[in-house]
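Structure first, then comments.
FYI, it's all coordinate maths here, none of it is from the lab. Please read all numbers here as calculations on a predicted model, not as lab measurements. A quick note on method: Cβ atoms are made from the backbone with ideal geometry, for glycine too, and the neighbour counts reach across all protein chains shown.
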């Protein structure tokens, strides 16, 4: 597929791995800190690890496409599938955050 830009794949590869590793590390740190202070942060740590893993998988898949020079629809679809899962999870988490946040704000305003 000559219309796939190699530079975009390189960017996805690099930043997917960097953001993924950073998110996993931050999730582990969040869990460790939560064990000491407040168990409520464990959930956010686990979510951070899961999304970090999905980011990393996306970066790894893009790296694999670049190194194999195989720009067939199958390889690109695997990359897009992993990215789609990441977006789905992030969307669900955003909706849940809004559902929790809006009543909290209303409660604080009415106090």
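Taking R0 as 25 Å, what's the FRET efficiency between residue 110 and residue 37 from their Cβ-Cβ distance, rounded to 0.05?
It comes to 0.25.
Apply 1/(1 + (r/R0)^6) to the Cβ-Cβ distance of residue 85 and residue 5, taking R0 = 25 Å, and write down the FRET efficiency to the nearest 0.05.
Plugging the Cβ-Cβ distance into 1/(1 + (r/R0)^6) gives 0.65.
Rounded to the nearest 10 degrees, what's the angle between the helix 73-110 long axis and the longest principal axis of the chain, both from Cα atoms, 0 to 90?
For helix 73-110, the angle is close to 20 degrees.
Can you give the angle from 0 to 90° between the axis of helix 6-36 and the longest principal axis of the chain, with both taken from C-alpha atoms, to the nearest 10?
Helix 6-36 sits roughly 30 degrees off the main axis of the chain.
Helix-only estimate, please: 222 nm mean residue ellipticity of the chain, summing -39500 (n - 2.57) across DSSP H runs of length 4 or more and dividing by its residues, to the nearest 500.
-32000 deg cm²/dmol
Can you grab the distance from the C-alpha centre of segment 51-111 to the C-alpha centre of segment 2-40, Å, no decimals?
Going from one Cα centre to the other spans 11 Å.
Averaging sequence separations of C-alpha pairs under 8 Å and six or more residues apart, then dividing by the length of segment 1-94, give the relative contact order as a whole percent.
34 percent
Compute the helix-to-body angle for 41-68: its Cα long axis versus the longest principal axis of the chain, expressed 0 to 90° and rounded to tens.
For 41-68 against the chain, the angle is about 10 degrees.
So I have (i) 16.3, 54; (ii) 18.0, 61; (iii) 13.8, 46, and one of them is Rg and Dmax of the Cα atoms in Å calculated from this model. Which one is it?
Computed from the coordinates, Rg and Dmax of the Cα atoms in Å corresponds to (ii).
Taking a label point 7 Å from the Cα of residue 18 along the Cα→Cβ vector, which residues of segment 33-68 have an amide N closer than 18 Å to it?
52-64
Could you order peptides 35-44, 12-21, 49-58, 76-85 by the average number of other Cβ atoms within 10 Å of their residues, highest first? Before the final figure, lay out each step's value.
Values: 35-44: 11.7, 12-21: 17.6, 49-58: 20.6, 76-85: 15.7.
Listed from highest to lowest mean packing, they are 49-58, 12-21, 76-85, 35-44.
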